[in-house]
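Visitor: Got a structure for you, written out below as structure tokens; questions coming shortly.
The values are calculated or read from the model by the stated rules, or taken from the named source; none is laboratory data. Model, not experiment: these values are computed from the prediction. Don't worry about glycine lacking a Cβ; one is built from the backbone with ideal geometry, like all the others, and counts go over all protein chains shown.
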Amino acid sequence: MNRALPPPPSCHPPAQAEDEEVPFPIAEETNSPAPKKHKLGDHANISDEEDGYTNPIFRTCTVYDSEEENYCPDIPGAKMDKPLWEKYWKQIKESEGFDITDCPGGCWMTTICPMQYYLNSTENVDQLKGYAGEALEHYNSINGTSYEVENILKVNGQAVGRYFAYYLTFSTKNGENDTFQAKVLEDLDDSIECLIIRPKVATMG
């Protein structure tokens, strides 16, 4: 699938002491089986309980290592901004990746990134509406509702290995205007799995 711009970088975990306290899990390679794949039109097994940070593919780096340059934006002379990183990790944890307003920029340790530029392409918007519609179809079948996707409001992204996760916030229509969130995992073969579909939740804190 052709994307307008390259996806954000994947996360490479820092070294960690055995007794070091971690706010939430660390990204890591595992031997876990690959997620079940679903083509558009299939009914994905969607749950807002099974996802979160229990899935090793989406664990997030939250501990500083000794290589400060890993936390510096890819800009000549850029320095590590620790308060900004703390805000970034807090927002990822509290919103589960959907609401990020403070991003350190592209660098070795950046994980989930805002991708509003992706919505500049009509082709990309149509792609994301299809993904959101797949997730919403499942939600409707369970809850007896008839929501339809209206507009993609926000998209964040995370690349890990052969997978790419889209964190979608979108408006719906069915007589009432409600905002939903969907987390969709895309494989290199264009198959997808919907990991979260739910009405938008308020960010904690």
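Visitor: Is there a residue being more than 28 Å from LYS82 (Cα to Cα), more than 17 Å from the chain's Cα centre (by Cα), assigned to a helix (DSSP H, G or I) and not hydroxyl-bearing (Ser, Thr, Tyr) anywhere in segment 170-178?
Guide: The initial filter retains those residues of segment 170-178 that are more than 28 Å from LYS82 (Cα to Cα), namely 170-178.
Applying the additional criterion that residues be more than 17 Å from the chain's Cα centre (by Cα) yields 171-178.
Then keep just the ones that are assigned to a helix (DSSP H, G or I); that gives none.
Scanning segment 170-178, I find no residue that is more than 28 Å from LYS82 (Cα to Cα), more than 17 Å from the chain's Cα centre (by Cα), assigned to a helix (DSSP H, G or I) and not hydroxyl-bearing (Ser, Thr, Tyr), so the answer is no.
Visitor: Restricting the search to segment 114-145, which residues are buried (at least 20 other Cβ atoms within 10 Å of the Cβ) and hydrophobic (A, V, I, L, M, F, W, C)?
Guide: MET115, LEU128, ALA132, ALA135, LEU136
Visitor: Among (1) in contact with a Cys (Cβ under 7 Å, 6 or more places away or on another chain); (2) within 15 Å of ASN156 (Cα to Cα), where does ALA135 come up short?
Guide: For ALA135, the exception is condition (2).
Visitor: Here is a follow-up. Only one of (1) at pLDDT 95 or above; (2) buried (at least 18 other Cβ atoms within 10 Å of the Cβ); (3) more than 16 Å from THR111 (Cβ to Cβ) fails for TYR166. Which number is that?
Guide: It fails just one condition, (3).
Visitor: Among the numbered conditions (1) of a type in the set (Val, Ile, Thr); (2) within 15 Å of SER95 (Cβ to Cβ); (3) more than 14 Å from the chain's Cα centre (by Cα), tell me where ILE196 comes up short.
Guide: Among (1) of a type in the set (Val, Ile, Thr); (2) within 15 Å of SER95 (Cβ to Cβ); (3) more than 14 Å from the chain's Cα centre (by Cα), the lone unmet condition for ILE196 is (3).
Visitor: Now a separate question. Go through segment 106-154 and report how many residues are of a type in the set (Phe, Trp, Tyr) and in contact with a Ser or Thr (Cβ under 6 Å, 6 or more places away or on another chain).
Guide: Summing the residues that are of a type in the set (Phe, Trp, Tyr) and in contact with a Ser or Thr (Cβ under 6 Å, 6 or more places away or on another chain) in segment 106-154 gives 1.
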